[in-house]
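Working notes for the structure below.
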């Protein structure tokens with residue numbers, strides 16, 4: 001059956017996803033159009049193709065225990081000189097992303113693995129391109145802002161052509177509870193008639 005390369009990530013929704021993908025391509029990143037804009041939860045990982053059902057079952061369990069949370073992107077950062085990457089920073093939702101990626105990579109699960117670098121949620125906007133273009137990406141997106149409610153994540157597979165394609169979405173199982181539902185109600189005395 002062979003192996004496949006998979007990844008798990010939180011998609012950056014429209015219109016933000018396409019905008020950042022086009023900007024990434026504009027900076028000269030040739031891989032931009034093959035990588036949907038995302039926050040990684042599981043980096044590219046090779047698994048046996050026959051293991052995909054168990055991976056999906058594991059991710060279903062992780063999602064079922066999850067709850068929606070706010071995501072906010074703001075400003076830029078870089079991993080240079082350690083790694084040739086410029087990214088947009090996750091300024092809200094980072095802790096939830098870190099918790100999710102630990103659950104996805106759980107030692108008892110089908111995609112248990114160690115990371116090459118400590119986990120740092122981010123949205124890549126330039127990778128392994130000329131230094132001047134990396135600098136331009138860092139400067140031009142320094143004022144970038146976006147926010148949305150994160151309601152789940154997705155499993156992707158990298159094709160032989162290098163393009164990442166979504167296999168399945170996993171929606172968090174927790175009900176979305178309006179903020180006032182958990183708070184005590186303020187009461188206003190009713191006029192007596």
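Quick notes on this structure:
- Residue check for residue 55: at pLDDT 95 or above and part of a strand (DSSP E or B): no
- Any hit, segment 25-33, residues being part of a helix (DSSP H, G or I), over 18 Å from residue 104 (Cβ atoms) and within 16 Å of the chain's Cα centre (by Cα): yes
Conditions tested, residue by residue: (1) under 29 Å from residue 129 (Cβ atoms); (2) in contact with a strand residue (DSSP E or B) (Cβ under 7 Å, 6 or more places away or on another chain).
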position	(1), (2)
72	yes, yes
77	yes, yes
83	yes, no
86	yes, yes
92	yes, yes
97	yes, yes
101	yes, yes
107	no, no
113	yes, yes
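- Filtering segment 163-179 to residues that are in a loop (DSSP other than H, G, I, E, B) and modelled with pLDDT of 95 or more leaves 163, 172.
- Positions within segment 1-28 being touching a helix residue (DSSP H, G or I) at 6+ places or on another chain (Cβ under 8 Å), farther than 16 Å from residue 168 by Cα and surrounded by 15 or more Cβ atoms within 10 Å (Cβ to Cβ), in sequence order: 21, 23, 24, 27, 28
- Condition met for residue 62 (touching a helix residue (DSSP H, G or I) at 6+ places or on another chain (Cβ under 7 Å) and more than 21 Å from residue 32 (Cβ to Cβ)): yes
- Single condition residue 18 does not satisfy, out of (1) within 23 Å of residue 115 (Cβ to Cβ); (2) outside any strand (DSSP E or B); (3) in contact (Cβ under 8 Å) with a residue 12 or more places away in the chain: (1)
- Selection within segment 77-103 - touching a helix residue (DSSP H, G or I) at 6+ places or on another chain (Cβ under 6 Å) and either closer than 21 Å to residue 150 by Cα or modelled with pLDDT under 95 (or both): 103
The values are calculated or read from the model by the stated rules, or taken from the named source; none is laboratory data. All figures in this text were calculated on a predicted structure; none of them were measured in a lab. Neighbour counts are summed over all protein chains in view; Cβ atoms, including those assigned to glycine, are modelled from backbone coordinates with ideal geometry.
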